[in-house]
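Following: one structure in structure tokens, then a few remarks.
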């Protein structure tokens with residue numbers, strides 16, 4: 001109940017802080033928010049050339065395939081990396097006034113979630129350009145994104161708490177996320193690369209791979225995502241979020257002393 005009361009109380013602040021941060025990121029830049037599109041576009045081109053041409057990946061609509069995977073991974077990767085040092089970066093603010101520490105994470109998710117939505121807008125443009133067929137299953141995008149946000153919040157809440165006490169966590173996360181990226185199916189198809197049931201198991205135990213596959217099913221292949229996996233990760237996200245919030249509330253009084 002405390003969590004929901006504080007979300008309601010600080011909702012306006014979180015929206016304003018996210019907006020101010022986004023505005024500050026493009027201040028003085030000639031291209032402004034276009035940079036948020038150029039980075040994933042550049043990665044899409046590189047992956048398409050390397051994996052689609054050099055390694056002869058026979059995947060239909062391969063640029064769209066790559067862009068969907070890179071967009072979802074980019075959101076999770078950016079929030080995870082920033083969550084390690086969120087408390088330390090906001091030391092000046094936290095030492096002066098009380099603010100629920102999870103608010104910092106929600107603001108970071110607002111910022112990167114907005115960038116991800118812009119990139120999904122470009123995904124629609126790419127789908128039109130490559131004439132990707134569309135069906136009613138595109139509506140599954142909404143529950144997929146909700147589950148992605150919930151799992152990301154739960155994982156990153158724990159990372160944010162541990163980042164205060166573990167000095168080497170930033171280096172460890174850099175290595176972990178690099179390995180995680182290559183096992184998330186951004187530039188290859190699990191089902192084509194691995195036999196059953198190995199491919200299904202790999203997708204089931206990796207939430208980001210699960211979301212990427214589900215999003216491609218909904219947007220590219222006109223089929224329903226695996227609801228069992230989505231429900232499993234939705235409830236896992238709930239449990240991770242509860243654990244993360246409890247850890248933050250239990251330790252937040254010691255954060256300022258620690259940093």
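The values are calculated or read from the model by the stated rules, or taken from the named source; none is laboratory data. Note that the coordinates shown come from a computational prediction; the quantities given were computed from them, not determined experimentally. Note that each Cβ is placed from the backbone with ideal geometry, even for glycine, and that neighbours are counted across all protein chains shown.
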Return yes when residue 48 is at pLDDT 90 or above and either buried (at least 17 other Cβ atoms within 10 Å of the Cβ) or closer than 30 Å to residue 5 by Cα (or both) and no when it is not. no
Residue check, residue 56 against (1) part of a helix (DSSP H, G or I); (2) at pLDDT below 85; (3) more than 19 Å from the chain's Cα centre (by Cα), all met but one. Which one? (1)
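In the stretch 212-226, which residues are surrounded by fewer than 18 Cβ atoms within 10 Å (Cβ to Cβ) and part of a helix (DSSP H, G or I)?
If the condition is that a residue be surrounded by fewer than 18 Cβ atoms within 10 Å (Cβ to Cβ) and part of a helix (DSSP H, G or I), then 217 is the only one that fits.
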Go through (1) touching a helix residue (DSSP H, G or I) at 6+ places or on another chain (Cβ under 8 Å); (2) at pLDDT below 95 and name the single condition residue 212 misses. (2)
So which of 134, 151, 103 is out of contact with any strand residue (DSSP E or B) (no Cβ under 6 Å at 6 or more places or on another chain) and surrounded by fewer than 16 Cβ atoms within 10 Å (Cβ to Cβ)? 134
Collect the residues in the stretch 81-100 that are touching a residue at least 12 places away in the same chain (Cβ under 8 Å), surrounded by fewer than 21 Cβ atoms within 10 Å (Cβ to Cβ) and more than 20 Å from residue 23 (Cβ to Cβ), keeping them in residue-number order. 81, 85, 88, 91, 94, 95, 99, 100
